[in-house]
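To keep things clear, I will list the structure first and then write my remarks on it.
The values are calculated or read from the model by the stated rules, or taken from the named source; none is laboratory data. Note that this is a predicted model, so its numbers are computed, not measured. Please note: Cβ atoms are built from the backbone with ideal geometry, for glycine as well, and neighbour counts cover all protein chains shown.
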Amino acid sequence: MIRILDTSQIKALDKFTIEQQEISSIELMERACRAFTLWFTEHFNALHKIGIVCGTGNNGGDGLGIARMLKDWGYPVKVWIVKGSVSESENFKLNLRYLTEAGVTYSEVALETDPEIFNDRDILIDALFGSGLSRPLEGLYADIVRSINQTKVICVSVDIPSGLMADKHSEGSVVEAKYTVSFHLPKLAFFFPQYGKYVGEWTLVDIGLNKTFIKEAQTSNFLINRRSVRKLIKHRSRFDHKGTFGHALMIAGSEGKIGAAVLSGRAVLRTGAGLLTIHAPRCGYTTLQTSIPEAMVSMDAAEKFISSIADTTSYSAIGIGPGLGQQPETAKVLAGVLSAFRRPVVLDADALNILAANRELLHLIPPGSILTPHPKEFERLTGKWRNDFERLEKQKRLAAELQSVIIVKGAFTSIVSPEGKVFFNSTGNPGMATGGTGDVLTGILTGFLAQQYSPLDAAILGVYLHGSAGDLAVVETGQESLIASDLIAYLPAAFRQLKH
């Protein structure tokens, strides 16, 4: 997994790399400039008129080095140096000298500036402030950021958009980048929807920072990648049988929402559970028996909603919630299941809404369970938040309180363990923002729990494969035409891709 370090750790990492590799800080800066420039030349040709906006700290030093290198590549480059209250760093001074020696001219901006100052450029490179920023931008710096955003051209930020703080909520003026090219490691702020319009599409470039330091750094924040997820998959023995892989129970569906039970049930089976029983209201019997012939169907006494259920203790895992409805009788069934079944369960959709409306039931949730709210369902459980950093803290508190895994769905879906470790997902796409995809995830997670994966491993593996199936499907369907059934259809390909 990719570790997400805070700004103080990144500063220490730079220092450690310089000492261990016996290089100077300007040499490390040159590496960063070359890595950024290589990315830039692969994405934009030299016909574009480039503007580079530099501060006077080390991020500005990066910008000056990038300007020099792009000039060597034949790009028409124009440089602005913003002379505000920040003193010039030593590396900035060195790169300014190198820039002058290379014959690249620059303009200084020290007073209130024309808001259309950058209008003759096709692309702006933002190198005003880096990840060390600790307070909102003011005065001239805020004016410059507003001018960058008003110019309406492609903006590429160096390491992090200027004005965005890596480890805490940002207020005030922030550059709205289309692309952010970050050095070696991502910043925590990149994973929150609140800051998405500033970060744009972000990518990492390797600048040779010390791997041992990164591996040993203490952090609670991680980005899931393919290599780490592959290690979680259990290998099957020749002599395994359907009983080896568990018997899952899916409690789902109500009148008009039997499709949710179909989607979640099919996902359970595609994930590898040995046996599946679906408990649903009577109105769903024909649909379920014909849509999922591999599943057994348990019929509720009620026609249109779930009102009762027999003994659940013989099942390996239970998923409950897709299309469930929130009738009082159904709420009692949920309470009964949570009281009787003392192994981890997967709770989604209306199961979460019932819990939010009947908070006395929260203490019944078995330790190690997996809750999968989308942001609105999460808000019902925990209350509103002022910013996404606060939302993450609420997610950690709920995971600790319930001793369960909390998954908040969305771009970079976040998974929080009871111990407070945070795992952000790297797969998935906006085409998955359609009805039923959450039901598929519930089925995937239940299928893994039935196979005796630990709750955290089930969550990490399930969320990754769910997004990966979406990424494979979208190549064929496009984002607009992607539907939840496509994710189930592409789960086999997602498994194959992960294993190879």
Of the residues Ala67, Ala110, which single one is of a type outside the set (Lys, Arg) and either within 23 Å of Pro186 (Cα to Cα) or touching a Lys or Arg at 6+ places or on another chain (Cβ under 8 Å) (or both)? Ala110
Looking at region 201-238 only, could you name the residues that are in contact (Cβ under 8 Å) with a residue 40 or more places away in the chain, in a loop (DSSP other than H, G, I, E, B) and not basic (Lys, Arg)? Asp206, Ile207, Gly208, Leu209, Asn210, Ala217, Thr219, Ser220, Ile224, Asn225, Leu232, Ile233
Determine if region 172-191 includes at least one residue that is closer than 18 Å to Asn59 by Cβ, in contact (Cβ under 8 Å) with a residue 40 or more places away in the chain and touching a Pro at 6+ places or on another chain (Cβ under 8 Å). yes
Mind checking whether some residue in region 109-119 is modelled with pLDDT of 90 or more, closer than 18 Å to Gln150 by Cβ and surrounded by fewer than 18 Cβ atoms within 10 Å (Cβ to Cβ)? yes
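The rows are residues; the columns are (1) of a type outside the set (Gly, Ala, Ser); (2) more than 15 Å from Arg68 (Cα to Cα); (3) part of a helix (DSSP H, G or I).
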position	(1), (2), (3)
Gly84	no, yes, no
Glu88	yes, yes, no
Lys93	yes, no, yes
Glu108	yes, yes, no
Thr113	yes, yes, no
Ile117	yes, yes, no
Asp120	yes, yes, no
Ile125	yes, no, no
Please enumerate the residues belonging to region 30-82 that are part of a helix (DSSP H, G or I), among the aromatic types (Phe, Trp, Tyr) and surrounded by fewer than 24 Cβ atoms within 10 Å (Cβ to Cβ). Trp39, Phe40
Only listed residue being surrounded by 17 or more Cβ atoms within 10 Å (Cβ to Cβ) and part of a loop (DSSP other than H, G, I, E, B), chosen from Tyr464, Tyr453: Tyr453
In region 175-198, how many residues are exposed (fewer than 15 other Cβ atoms within 10 Å of the Cβ) and in a loop (DSSP other than H, G, I, E, B)? 1
Looking for something part of a loop (DSSP other than H, G, I, E, B) and without any contact (Cβ under 8 Å) to a residue 24 or more places away in the chain - is there at least one such residue anywhere in region 364-380? no
Please go through region 292-311 and pick out each residue that is modelled with pLDDT of 95 or more and not aliphatic (A, V, I, L, M). Pro293, Glu294, Ser298, Asp300, Glu303, Lys304, Phe305, Ser307, Ser308
Of the residues Leu347, Leu324, Leu288, only one is modelled with pLDDT of 95 or more, surrounded by 21 or more Cβ atoms within 10 Å (Cβ to Cβ), more than 26 Å from Ile407 (Cα to Cα) and assigned by TED's automatic domain parsing to the domain that holds Ser404; which? Leu288
For Lys168, work out the one condition from (1) part of a loop (DSSP other than H, G, I, E, B); (2) surrounded by 22 or more Cβ atoms within 10 Å (Cβ to Cβ); (3) out of contact with any strand residue (DSSP E or B) (no Cβ under 9 Å at 6 or more places or on another chain) it doesn't fulfil. (2)
Any chance Ile154 is modelled with pLDDT of 95 or more, in the same structural domain as Asp14 (by TED's automatic domain parsing) and surrounded by 15 or more Cβ atoms within 10 Å (Cβ to Cβ): yes
Restricting to region 327-353, name every residue that is assigned to a loop (DSSP other than H, G, I, E, B), of a type outside the set (A, V, I, L, M, F, W, C) and under 30 Å from the mean Cα position of the chain (by Cα). Arg343, Pro344, Asp348
If I ask for residues that are among the polar types (S, T, N, Q) and in a helix (DSSP H, G or I), which ones from region 412-450 would you list? Thr437, Thr442, Thr446
Would you say Arg270 is surrounded by fewer than 24 Cβ atoms within 10 Å (Cβ to Cβ) and out of contact with any helix residue (DSSP H, G or I) (no Cβ under 9 Å at 6 or more places or on another chain)? no
Name every residue in region 1-22 that is touching a residue at least 24 places away in the same chain (Cβ under 8 Å), assigned to a helix (DSSP H, G or I) and of a type outside the set (Gly, Ala, Ser), in order of residue number. Thr7, Gln9, Ile10, Lys11, Leu13, Asp14, Phe16, Thr17, Gln20, Gln21
Go through (1) outside the structural domain of Val416 (by TED's automatic domain parsing); (2) under 21 Å from Ser414 (Cβ atoms); (3) surrounded by 14 or more Cβ atoms within 10 Å (Cβ to Cβ) one by one and return the number of the condition Glu201 breaks. (3)
